[in-house]
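The values are calculated or read from the model by the stated rules, or taken from the named source; none is laboratory data. Here the structure is a predicted model, which is why all the values come from computation and not from measurement. Reconstructed Cβ throughout: ideal geometry from the backbone, glycine too, with neighbour counts over all protein chains shown.
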Amino acid sequence: MLKIYGSARSRASRVLWLAMELDLPYQHMDYLPRSPDTRTAEFLKLNPNGSVPVIDDDGFVLWESMAINMYLARKHGSALHLANPQQEALVWQWSLWETDRLDRQLVNYVNASTGPEAQRNKTVADAMWAEIVPAMKTLDGALAGRQWLVGNAFSIADLNVASALYRGLFIDLGQWPNVKSWLERSWERPAAKKVRAMRE
Ligand SMILES: N[C@@H](CCC(=O)N[C@@H](CS)C(=O)NCC(=O)O)C(=O)O
């Protein structure tokens, strides 16, 4: 059976969301990031980085959340994956773009601006915001006049990017109205609501 390592309060939430979209049976190894569970020899053998998520799919071990989701969507022949090579390339484009331009930036911004007092850091928050603004502008432009990032339906591109932008649900996205409505639309999906309930 598929084993998913990582708490819903981590990047494993992306994988859990997909598993629920596809109705996959899975065993959840609910490990928090940096917890002792992720520092055992057994876990480090699965992922020498010591980070989550990781999957063990009947002996096939994979880490990196976006790669895991592309693998699972493809393996299970999901419509979310988009069989057309050009559409698939666009899914990769958006997933890699998010990892590069927004993934850590958004987490670091929220931690540095709204976390516990001792953790707040205006210099870090400002630097992260300066990277977030042009990325959000790109995403907002791409979503102008369309409901979803690739094709005419919710796809793995939307799942990978919207799940990574979870923290965007709690910040003011007013200047990017297309991003705001798309993010809310994505997180309204039943599978997304389930993963949100697991993390909140
Ligand atoms: N690019 C990786 C990032 C993985 C990552 O940084 N995971 C965090 C939790 S969200 C973690 O486990 N950090 C603890 C560590 O690296 O020791 C992915 O998308 O899977």
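Data table
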quantity: In the range 1-38, the residues that are in contact with a strand residue (DSSP E or B) (Cβ under 8 Å, 6 or more places away or on another chain), charged (D, E, K, R) and either more than 13 Å from the ligand (Cβ to nearest atom) or within 21 Å of residue 187 (Cα to Cα) (or both); calculated: 3
quantity: From the options 91, 61, 52, residue that is farther than 17 Å from residue 2 by Cα and not small (Gly, Ala, Ser); calculated: 91
quantity: Residues within the range 39-60 that are touching a residue at least 24 places away in the same chain (Cβ under 8 Å) and either over 20 Å from the mean Cα position of the chain (by Cα) or away from the ligand (no atom under 13 Å from the Cβ) (or both), tallied; calculated: 5
quantity: Residue satisfying all of: in the range 1-20; over 14 Å from residue 68 (Cα atoms) and of a type outside the set (A, V, I, L, M); surrounded by the fewest Cβ atoms within 10 Å (Cβ to Cβ) among these; calculated: 9
quantity: Test: residue in the range 93-101 that is within 23 Å of residue 157 (Cα to Cα), surrounded by 13 or more Cβ atoms within 10 Å (Cβ to Cβ), more than 16 Å from the ligand (Cβ to nearest atom) and at pLDDT 95 or above; calculated: yes
